[in-house]
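The values are calculated or read from the model by the stated rules, or taken from the named source; none is laboratory data. Values in this document were obtained by computation on a predicted structure and should not be read as measured data. Using ideal geometry, Cβ is built from the backbone for each residue, glycine included, and neighbour counts are taken over all protein chains shown.
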Amino acid sequence: MALARVGHAVNGVLHLVIAGIALQLAWGAAGGEQADQSGALAALAGQPLGALLLWVFVVGGTALGLWYLAEVVAPSPGDGGASERAKSGAKGVVYLAIAWSAFRFATGSGESGSSEDQTQTLTQTLMRQPAGQWLVAAVGLVVVAVGAYYVQKGVRQRFMKDLTRHPGVWAVTAGTIGYPAKGAVLALVGIFFVVAAWQHDADEAQGLDGALKAVKGAEYGPYLLTAMALGIIAFGIYCIARARYARLD
């Protein structure tokens with residue numbers, strides 16, 4: 001259980017690094033760094049003690065991912081039914097994916113390619129399937145729905161149900177700001193999927209890095225991207241607080 005708590009801290013650190021890259025991107029100082037998970041892991045790998053930190057990510061991400069998957073197989077009493085188990089399963093897969101990516105960077109086999117390339121490859125694959133446009137649109141709508149869920153979870157402070165006790169005003173404030181910010185970014189990614197389906201053009205699909213770069217290109221883009229980055233920082237702070245107060249029973 002202690003290792004699973006490390007997984008929440010890992011998630012928080014990842015978001016803080018992504019937000020830092022986004023701030024650099026907003027004001028033209030990001031260089032070739034990507035404002036996404038791969039970019040964050042690549043940035044950490046290049047730091048002193050980076051390899052050690054990546055192994056912490058591997059252990060913490062794996063532990064938390066397996067804990068969520070265990071919730072699917074052996075749910076706790078009053079777990080909330082099939083929908084809650086589905087969410088636990090999705091979270092488990094996400095954290096195991098983070099652990100796998102961290103493992104690849106820790107062993108020197110990771111790639112710092114943009115999430116934009118990965119997203120467009122996925123979109124092209126889906127487009128080639130029967131009813132491919134509908135599949136891509138469905139993926140986009142699901143991501144938008146997840147984003148909306150994050151927004152309402154933050155605004156209504158439903159994240160408090162994930163905690164064993166009140167974590168303090170600063171952590172609650174971070175969650176209240178961070179969840180809607182995270183939701184807005186996810187919804188933007190989902191919208192790009194829908195646009196790609198509508199135009200039957202996989203190049204329109206964007207991952208996190210591409211979505212944030214699109215924000216920068218909008219009117220008042222640097223200011224909008226800065227606001228998003230600050231929201232992501234708030235989410236990262238909440239995740240770190242959650243490492244201590246998370247309900248893991």
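A few remarks follow.
- Failed item in (1) touching a Phe, Trp or Tyr at 6+ places or on another chain (Cβ under 9 Å); (2) farther than 18 Å from Asn11 by Cα; (3) in a helix (DSSP H, G or I), with Lys161 passing the rest: (1)
- Residues in the stretch 169-211 that are modelled with pLDDT under 90, in a helix (DSSP H, G or I) and under 23 Å from Leu14 (Cα atoms): Leu208, Asp209, Gly210, Ala211.
- The listed residue being without any contact (Cβ under 8 Å) to a residue 24 or more places away in the chain and surrounded by 14 or more Cβ atoms within 10 Å (Cβ to Cβ), out of Met160, Met127: Met160
- Residue within the stretch 44-53 that is without any contact (Cβ under 8 Å) to a residue 12 or more places away in the chain, out of contact with any Ser or Thr (no Cβ under 8 Å at 6 or more places or on another chain), surrounded by fewer than 24 Cβ atoms within 10 Å (Cβ to Cβ) and on the phi > 0 side of the Ramachandran plot present: yes
- Scanning the stretch 143-186 for residues that are over 19 Å from Ala35 (Cβ atoms), basic (Lys, Arg) and in contact with a helix residue (DSSP H, G or I) (Cβ under 6 Å, 6 or more places away or on another chain) yields a single hit, Lys153.
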